[in-house]
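Colleague: Quick one: this structure, given as structure tokens, is what I'll be asking you about.
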Amino acid sequence: MAIWLKRGKDAEAKAEADRQVRATVETILGDIEKRGDDAVRDLSRKFDSWDRPDFRLSQSEIQACMDQLSEQDLTDIAFAQTQVRNFAEKQKATMTDLEVETLPGVILGHKHVPVASVGCYVPGGKYPLLASAHMSVLTAKVAGCGRVITCAPPFHGKAAPAIVAAQAMAGADEIYVLGGIQAIGAMAIGTQSIKPVDMLVGPGNAFVAEAKRQLYGRVGIDLFAGPTETLIIADDTVDGEICATDLLGQAEHGPTTPAILLTNSEKLARDTMAEVERLLTILPTGDVARKSWTDFGEVIVCDSYDEMLEQADRIASEHVQVMTDRDMWFRDNLTNYGALFLGPRTNVAFGDKVIGTNHTLPTMKAARYTGGLWVGKFMKTCTWQTVTTDAASAMIGEYGSRLSMLEGFVGHAEQANVRVRRYGGRNIPYGTGATPRVEAAE
């Protein structure tokens with residue numbers, strides 16, 4: 001039976017915070033809908049103390065940002081983007097078009113069609129998260145999306161050079177320095193100066209996530225995203241230092257980040273909690289990580305590996321790091337997770353920054369029903385069909401006629417009947433279903 005050595009905040013406290021965010025976002029999106037650029041500018045001044053005649057960067061401004069980075073910085077960004085591009089291209093290669101003759105004269109198929117225009121949000125108000133540019137812009141470009149635009153908030157009162165460079169190197173067609181709800185609203189709704197997109201992607205804070213949720217349907221989105229989550233599944237093959245380091249490495253994302261240790265070793269659990277306290281005193285981002293750990297950190301001790309598996313699938317975490325003597329057993333049996341990191345030689349930071357898999361992943365238990373952002377999210381799988389012979393059209397028509405009448409759809413039945421009359425030579429009275437042929441009854 002699992003026991004909790006540490007729990008996070010209760011569900012009601014989280015729900016109240018969510019209610020406040022929903023109301024704020026609804027009001028702001030309504031304002032953007034009514035006033036367009038004027039609303040966006042007012043919001044940018046209010047929340048980011050940022051204003052300029054045009055929030056879109058010119059080519060010379062983009063180049064000036066890139067010139068601020070060292071050769072090593074640019075090389076490192078290029079390396080990370082190469083890994084992301086390579087994996088996205090390999091994924092895309094698995095998405096083959098289909099054409100199959102399911103019955104004589106009946107051919108069905110599907111095509112993968114890229115989304116025409118995509119808006120990518122790149123968080124950057126607290127940390128310049130340039131990796132999000134690789135994950136969104138570059139993946140959309142590999143998919144074949146024609147127009148890919150980006151928004152990232154100002155960082156310390158100006159465009160963040162590293163983010164701008166990453167966006168440009170990934171192939172963004174338009175780069176805007178704009179953050180928060182105003183960025184999401186401008187891309188989805190459109191303004192006088194920003195043409196709306198068909199799909200929104202990218203992580204963000206609670207307000208960005210809620211704005212995407214409220215705009216879903218008007219545009220497509222990648223995921224309903226909440227704060228970053230991490231779950232470590234560990235046994236006594238590792239120690240408290242590595243577990244604590246990996247927990248706090250994600251807890252520094254923000255004050256609402258859940259970081260959970262799941263183990264079958266009470267000694268490891270207590271050693272990890274002690275190491276967390278030690279590391280928090282020396283970690284430069286310790287203030288943020290401490291609040292996250294205090295409010296949302298959990299430590300769960302289980303009796304067995306099977307119970308650890310059960311708890312992990314219940315938690316359905318965004319990131320699941322496995323460090324046990326049976327890592328591949330967990331890989332083969334876990335079902336609810338955003339991404340797996342197997343063994344102590346890898347970790348969530350590798351996935352976040354450089355290894356090549358996409359770091360935009362499901363949170364808030366969405367891993368129960370969806371995976372993360374990948375090249376396939378930017379493509380629509382669209383079916384097509386054709387009937388190539390008279391006999392096939394008449395045969396399908398007879399079944400379609402009777403099934404339509406069974407539902408009461410006389411007009412549908414007549415669509416089938418007219419084909420039976422023309423291509424099958426049968427005289428079916430208007431407004432009735434086709435009677436079975438003798439051979440069909442047999």
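Colleague: In the chain, carbon and sulfur make up what percent of the accessible area (probe 1.4 Å)? Don't skip to the end; give the middle numbers.
Modeller: Values: 11340 of 21080 Å².
Using a 1.4 Å probe with all protein chains present, the chain comes out at 54 percent carbon and sulfur.
Colleague: Calculate the length of the line joining the C-alpha centroid of region 1-76 to that of region 298-334, in whole Å.
Modeller: Each part reduced to its Cα centre gives a spacing of 33 Å.
Colleague: For region 157-171 and region 356-415, write down the distance between their C-alpha centroids in whole Å.
Modeller: Rounded to whole Å, the Cα centres lie 40 Å apart.
Colleague: What list of whole percents do you get for P(r) of region 314-375, with Cα-Cα distances grouped in 10 Å bins up to the one holding the largest distance?
Modeller: Pairs per bin, as whole percents: 24, 53, 22, 0.
Colleague: Oh, and also: For residue 216 and residue 38, FRET efficiency with R0 = 30 Å and r from the beta-carbon atoms, rounded to 0.05? Please report the intermediate quantities before stating the final value.
Modeller: Details: r = 25 Å, r/R0 = 0.84.
Efficiency at R0 = 30 Å is approximately 0.75.
Colleague: If r is the Cβ-Cβ distance from residue 385 to residue 54 and R0 is 60 Å, what FRET efficiency results, to the nearest 0.05?
Modeller: Calculated transfer efficiency: 0.80.
Colleague: Who wins for biggest fluctuation among 290, 213, 331 in a Gaussian network model of the chain, springs between alpha carbons below 10 Å?
Modeller: 331
Colleague: Are any of the pairs 90/195; 126/195; 90/377; 141/380 more than 20 Å apart by Cα-Cα distance, and if so, which?
Modeller: Numbers: 90/195 32 Å; 126/195 27 Å; 90/377 14 Å; 141/380 14 Å.
Beyond 20 Å: 90/195; 126/195.
Colleague: Taking only protein heavy atoms and a 1.4 Å probe, what accessible area per residue, in Å², does region 269-379 have with all protein chains in place?
Modeller: 44
Colleague: For a protection proxy built on the mean count of beta-carbon atoms within 10 angstrom, sort 54-63, 176-185 highest first, please.
Modeller: Averaged packing, sorted descending, gives the order 176-185, 54-63.
Colleague: When ligands, DNA and RNA are left out and all protein chains stay put, how many square angstrom of accessible area per residue does region 33-117 have with a 1.4 Å probe? Could you put the intermediate results ahead of the total?
Modeller: Values: 5380 Å² over 85 residues.
With the other protein chains kept in place, region 33-117 gives 63 Å² per residue.
Colleague: Same structure again: Where does region 83-195 land on Rg/Rh, using Cα atoms and the Kirkwood Rh? Spell out each step's value before the answer.
Modeller: Details: Rg = 17.8 Å, Rh = 15.6 Å.
On the Cα set of region 83-195, Rg over Rh gives 1.14.
Colleague: Same structure again: Nearest 20 debye, what's the magnitude of the dipole of the chain about its Cα centre given +1 on Lys and Arg Cβ and -1 on Asp and Glu Cβ?
Modeller: Values: 45 positive and 57 negative charges, 307 e Å.
That gives a dipole near 1480 debye.
Colleague: Can I ask one more? Using 7 Å Cα-to-Cβ label points, what is the residue 353/residue 245 separation (nm, one decimal)?
Modeller: Label at residue 353, label at residue 245, 1.2 nm between them.
Colleague: While we're on this one: Output the 0 to 90 degree angle, nearest 10, between the alpha-carbon long axis of helix 240-251 and the longest principal axis computed from the alpha carbons of the chain.
Modeller: Rounded to the nearest ten degrees, it is 60.
Colleague: I've got another one for you. Against the longest alpha carbon principal axis of the chain, how many degrees, from 0 to 90 and to the nearest 10, is the axis of helix 11-35 turned?
Modeller: 70
Colleague: Taking the chain as a Gaussian network, where each spring joins two C-alpha atoms under 10 Å apart, which residue of 382, 145, 65 fluctuates the most?
Modeller: Evaluated over the chain, the most mobile residue of the options is 382.
Colleague: To continue, here is another question. Work out the FRET efficiency for residue 435 and residue 61 from their Cβ-Cβ distance, taking R0 = 56 Å, and round it to the nearest 0.05. Can you show the working numbers first?
Modeller: Numbers: r = 73 Å, r/R0 = 1.30.
My answer for the efficiency is 0.15.
Colleague: Compute and list, largest first, the equivalent-ellipsoid semi-axes of the chain from the alpha carbon gyration tensor, each √(5λ) rounded to a whole angstrom. Before the final figure, lay out the partial values.
Modeller: Details: eigenvalues 428, 196, 92 Å².
Ellipsoid semi-axes (Å, largest first): 46, 31, 21.
Colleague: If you filter region 115-211 for trypsin sites (Lys or Arg not before Pro), then keep DSSP loop positions with at most 15 other Cβ within 10 Å, what is left? Walk me through the intermediate numbers first.
Modeller: On the way: sites: 126, 141, 147, 158; in loops: 126.
Here the sparse-neighbourhood loop sites are 126.
Colleague: Compute the accessible area per residue over region 145-244, keeping the other protein chains in place, probe 1.4 Å, unit Å².
Modeller: Working: 3040 Å² over 100 residues.
I get 30 Å² per residue for this part.
Colleague: Okay, moving on. Using only the alpha-carbon atoms of region 36-133, report the extent along each of the three principal axes, biggest first, to the nearest angstrom.
Modeller: For region 36-133, the Cα spread along each principal axis is 66, 40, 25 Å.
The values are calculated or read from the model by the stated rules, or taken from the named source; none is laboratory data. Remember, predicted model here, so these are calculated numbers, not experimental data. Methodologically, a virtual Cβ is constructed for each residue, glycine included, from the backbone with ideal geometry; neighbour enumeration extends over all protein chains shown. When the accessible area is computed, the model is the full protein with side chains, heavy atoms only, and any ligands, DNA or RNA have been set aside. Shrake-Rupley method; radii C 1.70, N 1.55, O 1.52, S 1.80 Å.
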